[in-house]
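The block underneath contains the structure these notes are about, expressed in structure tokens.
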Amino acid sequence: MEMTMNPAVIREQVSITGLLARLGYQPAHNSGREILYSNVLHHDGKKPSLCVNDSLGVWYDHGTGKGGNVIDFGLAFWPELEIRDVCGKLHEIMEQALPAVSLLKPSRRKRHKTLIQPYYRVDKVCELGRTPSIRLFLEKRGIWEAAQGILKEIHYHSVHAKLQPRQFSAAGHRNEAGSWQVRNKYFKGCLGNKGLTFFPGDSRRLCVFKDIFDYLSWKHDHPEAPDSILMINSYSLLPAAIKMAMRYPNLNVYFDHTPDGHESLRRFITELPYATDGTPAFHGHHDYSEKRRTEARTAFEAKKANNLFKKIQVPFER
């Protein structure tokens, strides 16, 4: 199939790992299902943070908290470009591997493998606590208690015309479109249509977050707060979020410290000037979720150190 600048065609045809290879990045670790890369969207020299599942055509970066399809990657990799320009650049890069005039015989001509986007089918939804890996994931992020009654365990599988179904499990919740927003150690995404998430509370107070992990981290700090809660789940849904927020005279906005987050906060406050910037609550951290995760890790290390000293026996007295 000939490459075009049509976003739908690009999502189908362009492999994320193929794109990364053409950009000069090689995998740091390949488990077969997930492929990990280092220093792609940020350069901190630490362990690999970009996780790619090429059979599903999705990626997630633990360092920036972003994820999505190949076009979403392009928007994150070239933050100064609009979506049309990103599609043009992806088209240009992939066309380099498919020249219009080739000196090779047609039978030997290398073609980029077409990737068909899968969809997902939910097998069962159950309460938290049945899958140890999900519990451990939430505990490490310090939100296990806060997640009770809010998150569910979502067990689902991918449906793909050319691949065998694969089973997955994640913590998740329904958005306003009726789809499941899911997240586990390796993947963050939506099983279906994107949508806002709204939890009703005080009719005059609203707190706005990027996603539910930021909200649960805030909830840990404010367990008795009566505020209504709005999660946009994707900055592309910002206009709908602003429209919903107009009903509330008291607004606090907790978007992350990224270019998209800063721009979305600016737009939010421009539209609703009485809204309060809540980001000082997690000063020095990427977002509220990272703040809570850092606190949970520090508490765990302190507890481990205390337990270690308790085991030390002094064999004599002065």
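Here are the numbers:
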item	result
Simple label model, 7 Å out from Cα along Cβ direction - MET246 to GLU92, nm	3.9 nm
Alpha-carbon Rg/Rh ratio, for the stretch 134-281, with Rh computed the Kirkwood way	0.99
Pairwise centroid distance, computed over Cα atoms, of the stretch 185-210 with the stretch 49-82, Å	20 Å
Coarse-grained scattering of the stretch 206-278 at q = 0.12, 0.13, 0.15, 0.25 Å⁻¹, given as base-10 log I(q)/I(0) from a Debye sum over alpha-carbon atoms	-0.27, -0.32, -0.43, -1.23
Ranking by accessible area, most exposed first, for LEU237, LEU138 with a 1.4 Å probe	LEU237, LEU138
Contour minus Cα-Cα distance for GLU271 and HIS222 (0.36 nm per residue)	15.0 nm
Nitroxide proxy distance, nm - points 7 Å out along Cα→Cβ at ARG204 and GLU127	3.6 nm
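The values are calculated or read from the model by the stated rules, or taken from the named source; none is laboratory data. Keep in mind that what you see is a predicted model, and the values were worked out from it rather than measured. Positions of Cβ are backbone-derived with ideal geometry, glycine not excepted, and every protein chain shown enters the neighbour counts. Quick note on the areas: whole protein, heavy atoms, side chains included, nothing else; ligands and nucleic acids left out. Shrake-Rupley method; radii C 1.70, N 1.55, O 1.52, S 1.80 Å.
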